[in-house]
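Written out below as structure tokens is the structure these notes cover.
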Amino acid sequence: MSEVKYSKRQRESLKLWIELLRYSNKLEQIIDDKLRQNYKQNISRFDVLSQLDREKENGLTVGDLASCLIASKGNITGLIDRMQKDELITKVSRTDDRRSYLISITDKGLKLFNEMAENNAEWVEDALNAIDVESMSDFTKFLNQARQNLDLD
């Protein structure tokens, strides 16, 4: 069996990809644990409330909400139903399309989200405390450019 030969760029690309995945997964786990411990919520619920906070005037359709979620990897319908039961969001039929629903954040959901968001900012800052602000800014720009390049493909 022959060994796969990678170029130096391929090896470094693979190492970077693996480190990005590991770092992202670890940071997501840290935040998810803190949300569970402090609020009995998870990162998917936080993500839903965050998206709905941005659209609190108009709400979002289920499809639009699903497409802009960062953390949720599971069943969006089940997640929405559970959050509605907990009175964090509302789900109402759209007047122009009875098969489609409009999801909105409730006052209870907004209050919870605001509390979680304030603490989340501190938790993420703490998790990234080994990186100076200028390096964070540079790395953010780098990742944004790299992601935009992927979006072109």
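Read-outs throughout are calculated quantities, based only on the coordinates presented, and are distinct from any laboratory measurement. Nothing here was measured: the structure is a model prediction, and the numbers come from that model. Virtual Cβ from ideal backbone geometry, glycine too; neighbours counted across all protein chains shown.
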Let me check against my output: what whole-number percent is the relative contact order of the chain, with C-alpha pairs under 8 Å and at least 6 apart? 20 percent
Does the chain come out rounded, prolate or oblate, given a ≥ b ≥ c as the square roots of the eigenvalues of its C-alpha gyration tensor, rounded meaning a/c under 1.5 and, failing that, prolate meaning a/b above b/c? prolate
Is the C-alpha gyration tensor of the range 64-130 telling us rounded, prolate or oblate? Criteria: a/c under 1.5 is rounded; beyond that, a/b larger than b/c is prolate, otherwise oblate. prolate
Residues with amide H under 5 Å of Ile89's amide H, sequence separation 5 or more or different chain, H placed in the peptide plane at 1.01 Å from N; which? Gln84, Thr106
With -39,500 (n - 2.57) per DSSP H segment of 4 or more residues and division by the full residue count of the chain, the 222 nm estimate, nearest 500 deg cm²/dmol, is -22500 deg cm²/dmol
What aspartates and glutamates does Lys8 reach when the alpha-carbon gap must be under 20 Å and sequence neighbours fewer than 8 apart in one chain are set aside? Glu19
Residue span Lys40 to Ala121: 0.36 nm per residue of separation minus Cα-Cα distance leaves a gain in nm of 27.4 nm
Which peptide among 41-51, 95-105 comes first, and what is the full order, when sorted by highest mean count of other Cβ atoms within 10 Å? 41-51, 95-105
